[in-house]
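Chemist: The structure under discussion is supplied below as structure tokens; questions concerning it will follow.
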Amino acid sequence: MFGKYRRMIGLVLVLTTVLGLLVGVARAQDEAVLVIGWEQEPDVLGDGSSSTFSQLLGDFYSRKAYGWNGAYQVYSDMMAEIPSIENGMVTTNEAGNTVVTHKLKEGLLWSDGEAVTADDCLFGHKLFSDTSTGSIFRSDYPSVVESLEKVDDLTIVQTFNTVYPDFLGSDNITVMPQCRYPEHVLQPLMDANGGTIDGLSFFTTGEGWVGFGPYTLESWTKGDNITMVANPNWTGQQPAFGRVILKFILESAQMQNALDTGEIDVAFNWQNDMLEGYQAIEGVEIWNTGSPYADALWFNIDEDGNNHPALRDVNVRKAIIHAIDRANITTAIAGEGVPVPGAFDSSVWWPEGLEILGYDVALANQLLDEAGWVDSNGDGLRDKDGLNLILKFFTTPRQSRIDYQLAIQANLQEVGIGTQLFQVPGPAVLFASLTNLGIMASSDYDLAIYASSNDPVSPNVDPSSFSCAGIPSPENPASGNFSHYCDPAFDELIPQIASTLDPAARLALKHQSVELMNSANFWAGLYVRVTWYAVRTDRVNTEGVKDGLGTLASNWFQQIEYWQPAG
Amino acid sequence: MGKYVLRRILSAIPLLFIICLIVFLCLKLSGADPLGHLANDPRVSEADRFMLAARFGLNDPIPLQFVTWLFGDDWLKRDITGDGEPDEFGKQLGVLRGDFGDSIRTRTPVAQVISTALPNTLLLGLTSYVVTVIISMAIGIFAALRQYSVWDNLITGVSFVTFSMPIFFIALLSVQIFAVEAKKAGLPYLPVQGMYDVRGDRSLDELIRHMILPVFCLSAISIAGYSRYIRATMLEVISSDYIRTARAKGLGNRRVTYLHALKNASLPIVTLIGLDLPFVLAGAVVTERIFSWPGMGSVFIQSLEPIDPPVVMVFILIIAAAVVVTQIFIDVIYAWLDPRIRYS
């Protein structure tokens, strides 16, 4: 019966499709909407996830009590003052333990219009100290926070069970008061769920979400996007974008294409090797921000391991560092403007006049000659007592690290040092424990490129990475001091830094530790793992964006409310 | 026929059980730790990790884990705090009681994860399958009727080239041409990801626009393969005596081709379709990932790193069940296409 109309039906179908294409392309963008490409879908909301892309959401709709800006200075959207010894909010009790007073700002509201009060902080304390309330990542909170007491509706007092100078926590440690969960919403939900947050759709799908941030969650379309709208009850800066959509795009090449076609406005956290592709997109501004993460060249300075004996001489290590043109290699591999870190610790902890070794081939040759490593047989390689200076140089299969290996090999060749290059899987082989015969734990390497970063907002030192006791051994096979750095004077400083409440005294101790570690020269920074951003200038006024980006692991959108539409 | 189908369904139950057991053991014995990625995260304490592992039964012995996957763990009290004392009962009812468990990654019921992704996969998969079957039938028949002509040789060449290309290459190439370069040239261009424009409405025309490239990529390689197969079976059939007889009796060319030849050439094609169709449910892993299509393929990829055993298990179970059901369905189709076939 449709036979005689089939051509007409076919024509109508084709026309509908073509019209659909044109209409779709021509749709006007008349709403202040910001679409951010999100490379990983969050698993759950709140503190039940360790994923960076879940944690990043907090700055949109669930601000913490305290945060750190791009210069690692503490600030707060929630608290009226930053506690310190000077303002009397940090004291020591009779037991010698740290007591901190926190004061909420007046007039703060949850996104549903209810007031934020000290009771919410008490509720957060219960969540973080009582494990029966469900599966969240509590970090150090339950082990160091002894109590949290309400003084009045806006004041709480937090007591630690020890001297605790990092009372606000840090990038890696959660100890600050947890006031970002609304008691009036969650307590009834938990009561109906057997007293636990496990399985609550509040966290798993964002259903009924109430939070404290410039935006509030509107919808989470699994596998596709999270949509947030401006929070009308936000007492801080009102966001200029009425709506922010996080679009999940898992494929990095497609992220770039989506920015090119205008489907998203912002792409971030892409790799250095995509810089050229992003630069080729018209109407897109590109920049990067620093981070605590850096790839570095690590030396194995083990005094009695399978490493090359030359590396036990600090002057040989200095010569190697001098021989590598790190600035130019980084520009060539990681991109223009990517910084070379000077020392393992963040520069905020550097003492004045800290020696940073630069590129100096003549000095490298001189140091090697003085150390007795000379080319005695004219084969182009230095040797001593019949042993050639050839180093076992490892890294993981990451392309940028392989590129660095090759560039460093060429530099070292120029001063008569040979290298054998190896690329092996990281967790399973290179970083595996001594029990699992990990290459580094077994001290069976000379040089290695990998990333291990410090916490830039805390001066504490990780004993398992840098103390004598942290060197992997049959008694301690999982430890991570792969460089085999051992200095008793440095070891003494570690607990002192961790337990000195006075900031000035603590900083002085930290300066000593940085000096000691730096002078051992078992670490040479290669490049900071910057976070790249590409933003469409026809949608976003980039001037208001760059200065407010966070530089810690998960605070990049800490000033999202200040982002402005273009024009 | 009814008895035959019932017998096939009953015999599938032990088969599915064995498949589940093998997949479960493979997952567990592979050493992949669903919480391994938390080991070096300073924000996650050892106690946090232990508790999460305990609540998901990951601290239980492997045989017990399989038992609780099947029968649930609401009868089992586990140590959650690490003090050696049992603290709380589990909450899962087990697969046999209709509870597929919770995803370790998203903490949501697996049934919810699957039910969100499956319709999207079916939409994409079945559309591309219909497109594939229709176009490859047309091309295959067209080429068979013009054997060794210029058209036939051209189709053969294009088929081989397309069939040789990996799907990610076709996907990225088509994105480059129909989206990126088309936009640069000022032409209408296609979206490169998702099911809808997140700024726009969820209208049908939006959906169609977003489906064009993934359907094209999924269909291109299949059409290349299917059309060769259809061409071969058609060639075999149209040279048969009964086709010659039909022509000799004066039947029209169209009637002979589409009624007599095509119906008889369909049996091996139905077999091919029957073998491929269950994998539509699995989603097109590469295509869905490239085009950010929120389907089963995307779920599967995300469930592999870090490994999310409850999701992977149900994923495999669905495919296995689909293979079994499809094979039974194909047997029924056989009987309809060829009345000589009888099952007892």
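Chemist: Note down the nm distance, to one decimal, between modelled labels 7 Å out along Cα→Cβ at residue B:15 and at residue B:337.
Modeler: Result for the modelled spin labels: 1.9 nm.
Chemist: If you don't mind, there's one more thing I want to ask. For a Förster distance of 60 Å, can you work out the FRET efficiency between the beta-carbons of residue B:203 and residue A:410, rounded to the nearest 0.05?
Modeler: Efficiency, from the Cβ-Cβ distance: 0.55.
Chemist: Now for a separate question. So, in Å, what gap is there between the alpha-carbon centers of segment A:190-260 and segment B:216-264?
Modeler: 54 Å
Chemist: Among A:247/B:184; A:103/A:510; A:318/A:392; A:126/B:77; A:64/A:105, which pairs are too far apart, with a Cα-Cα distance over 20 Å?
Modeler: In this structure, A:247/B:184; A:103/A:510; A:126/B:77 lie more than 20 Å apart at Cα.
Chemist: Counting pairs of alpha carbon atoms under 8 Å apart in space and at least six apart in sequence, what relative contact order in percent does chain A give?
Modeler: It comes to 18 percent, rounded to a whole number.
Chemist: Let me ask you something else. So, by mean Cβ neighbours within 10 angstrom, what's the order for A:245-257, A:441-453 with the highest one leading?
Modeler: Ranking, from highest mean packing down: A:245-257, A:441-453.
Chemist: When N is the residue count of segment A:251-385, what does its C-alpha Rg come to as a fraction of 2.2 N^0.38 Å?
Modeler: After normalising by residue count via 2.2 N^0.38 Å, the value is 1.47.
Chemist: By per-residue mean of other Cβ atoms within 10 Å, what is the highest-first order of B:165-173, A:406-414?
Modeler: Ranked by mean Cβ neighbours within 10 Å, highest first: A:406-414, B:165-173.
Chemist: Something else about it: Which percent of Cα-Cα pairs in segment B:11-85 sits in each 10 Å bin, short to long?
Modeler: 16, 41, 30, 10, 2, 0
Chemist: Relative to the longest principal Cα axis of chain B, at what angle does helix B:204-238 sit, 0 to 90 degrees, rounded to 10?
Modeler: The helix B:204-238 is inclined about 50 degrees to chain B.
Chemist: In terms of the Cα gyration tensor, with a ≥ b ≥ c the square roots of its eigenvalues, is chain B rounded because a/c is under 1.5, prolate because a/b exceeds b/c, or oblate?
Modeler: oblate
Chemist: Please identify which residues in segment A:496-519 have an amide N closer than 14 Å to a label point set 7 Å out from the Cα of residue A:85, following the Cα→Cβ vector.
Modeler: Those under the cut-off are A:497-510.
Chemist: To the nearest 20 debye, what charge dipole does segment A:326-460 have about its Cα centre, counting +1 at the Cβ of each Lys and Arg and -1 at the Cβ of each Asp and Glu?
Modeler: Using only the charged Cβ atoms, the result is roughly 520 debye.
Chemist: How big is the accessible area of residue B:263 in square angstrom, nearest 10, if you roll a 1.4 angstrom probe over the protein chains?
Modeler: It works out to around 90 Å².
Chemist: Going by alpha carbons, how many degrees (0 to 90, nearest 10) lie between the helix axis of B:309-337 and the longest principal axis of chain B?
Modeler: 30 degrees
Chemist: Give the distance, in whole Å, between the Cα centre of segment B:1-51 and the Cα centre of segment A:275-349.
Modeler: 42 Å
Chemist: Give me the Kirkwood hydrodynamic radius of segment A:68-187, using the inverse of the mean 1/r over all pairs of distinct Cα atoms, in Å to one decimal.
Modeler: 14.8 Å
Chemist: Treating only the Cβ of Lys, Arg, Asp and Glu as charged (+1, +1, -1, -1), what charge dipole size does chain A show about its Cα centre? Round to the nearest 20 debye.
Modeler: Dipole size: approximately 1740 debye.
Chemist: Still on this structure, please answer the following. Among A:514, A:46, A:480, which residue has its Cα positioned farthest towards the positive end of the charge dipole of chain A, with +1 placed on the Cβ of Lys and Arg, -1 on the Cβ of Asp and Glu, and the dipole taken about the Cα centre?
Modeler: A:46
Chemist: Under a no-solvent Debye model with one identical scatterer per Cα of segment A:293-528, what's log10 I(q)/I(0) at q = 0.13, 0.17 Å⁻¹?
Modeler: Log-scaled intensity ratios, in q order: -0.79, -1.34.
Chemist: How would A:347, B:203 rank on accessible area, largest to smallest, probe 1.4 Å?
Modeler: A:347, B:203
Chemist: So, counting K/R as plus one and D/E as minus one, what does the shell of residues with Cβ under 11 Å around residue A:110 add up to?
Modeler: Computed value for this residue: -3.
Chemist: Please list the radius of gyration and Dmax for segment A:243-306, considering alpha-carbon atoms only, with Å as the unit.
Modeler: Answer for segment A:243-306, Rg first and Dmax second: 18.1, 61 Å.
Chemist: Between residue B:182 and residue B:138, how many nm apart are label points set 7 Å from Cα along the C-beta direction?
Modeler: Placing both labels 7 Å beyond Cα along the Cβ direction yields 1.8 nm.
Chemist: How much of the accessible area of segment A:122-166, in percent, comes from carbon and sulfur atoms when a 1.4 Å probe is used?
Modeler: 48 percent
Chemist: Add -39500 (n - 2.57) for each DSSP H run of 4 or more in chain A, then divide by its residues: what number comes out at 222 nm, to the nearest 500 deg cm²/dmol?
Modeler: -7500 deg cm²/dmol
Chemist: For residue A:564 and residue A:314, compute 0.36 nm times the residue count separating them, minus their Cα-Cα distance, and round to one decimal in nm.
Modeler: Between residue A:564 and residue A:314, full extension yields an extra 84.8 nm.
Chemist: Could you give me the ³J(HN,Hα) list for segment B:31-36, computed from phi with Karplus coefficients 6.51, -1.76, 1.60 and θ = phi - 60°, whole Hz, x at Gly and Pro?
Modeler: x, 5, 9, x, 10, x
Chemist: Please report the spacing between the Cα centers of segment A:450-509 and segment B:73-116 in Å, no decimals.
Modeler: Their Cα centres are 39 Å away from one another.
Chemist: Run the 1.4 Å probe and let me know the accessible area of residue B:231, rounded to the nearest 10 Å².
Modeler: 30 Å²
Chemist: Just to confirm the number: angle between the C-alpha axis of helix A:314-323 and the first principal axis of chain A, 0 to 90 degrees, nearest 10?
Modeler: Helix A:314-323 sits at roughly 60 degrees to that axis.
Chemist: Of B:90, B:52, B:65, whose Cα points farthest to the positive end of the dipole of segment B:35-103 (charges on the beta-carbon: +1 Lys, Arg; -1 Asp, Glu; origin at the Cα centre)?
Modeler: Sorting the options by dipole projection puts first B:65.
Chemist: Oh, and also: 7 Å from Cα along Cα→Cβ at both residue A:381 and residue A:130: what's the point-to-point distance in nm?
Modeler: 6.7 nm
Chemist: Give the interface area between chains B and A as buried accessible surface, both sides summed, probe 1.4 Å, in Å² to the nearest 100.
Modeler: 4600 Å²
Chemist: Could you pull the accessible area for residue B:24 with a 1.4 Å probe, rounded to 10 Å²?
Modeler: Around 10 Å² of this residue is reachable by solvent.
Chemist: Then there's this: Looking at the calculated P(r) for segment B:233-344, what percent of the C-alpha pair distances fall above 16 Å?
Modeler: 70 percent
Chemist: I've got another one for you. From the P(r) of the protein assembly as shown, could you give the percentage of C-alpha pairs in the tail past 46 Å?
Modeler: 38 percent
Chemist: Shifting gears a bit: What FRET efficiency comes out for residue B:77 versus residue B:8 if R0 is 45 angstrom and r is the Cβ-Cβ distance? Round to the nearest 0.05.
Modeler: Rounded to the nearest 0.05, the efficiency is 0.65.
Chemist: Counting only other chains, what is the mean number of Cβ atoms within 10 angstrom of the Cβ of each residue in peptide B:99-108?
Modeler: Mean shielding count: 4.
Chemist: Once the Cβ-Cβ distance between residue A:331 and residue A:352 is put in as r, and R0 is 25 Å, what FRET efficiency do you end up with, to the nearest 0.05?
Modeler: For R0 = 25 Å, the calculated efficiency reads 0.35.
Chemist: Using the Cα centre as the reference, give the magnitude of the dipole from point charges on the C-beta atoms of segment B:35-103 (Lys, Arg: +1; Asp, Glu: -1; all else neutral), rounded to the nearest 20 debye.
Modeler: 220 debye
Chemist: Only Cα pairs under 8 Å and at least 6 apart count here; give the relative contact order of chain B as a rounded whole percent.
Modeler: That works out to 23 percent.
Chemist: Need one number: % antiparallel among DSSP beta bridges in the protein assembly as shown, to the nearest 5.
Modeler: Bridges in the protein assembly as shown that DSSP calls antiparallel: roughly 80 percent.
The values are calculated or read from the model by the stated rules, or taken from the named source; none is laboratory data. Because the structure is a prediction, the values reported are computed rather than measured. Note that each Cβ is placed from the backbone with ideal geometry, even for glycine, and that neighbours are counted across all protein chains shown. Keep in mind that these areas ignore ligands, DNA and RNA; they rest on the heavy atoms of the full protein, side chains included. Shrake-Rupley method; radii C 1.70, N 1.55, O 1.52, S 1.80 Å.
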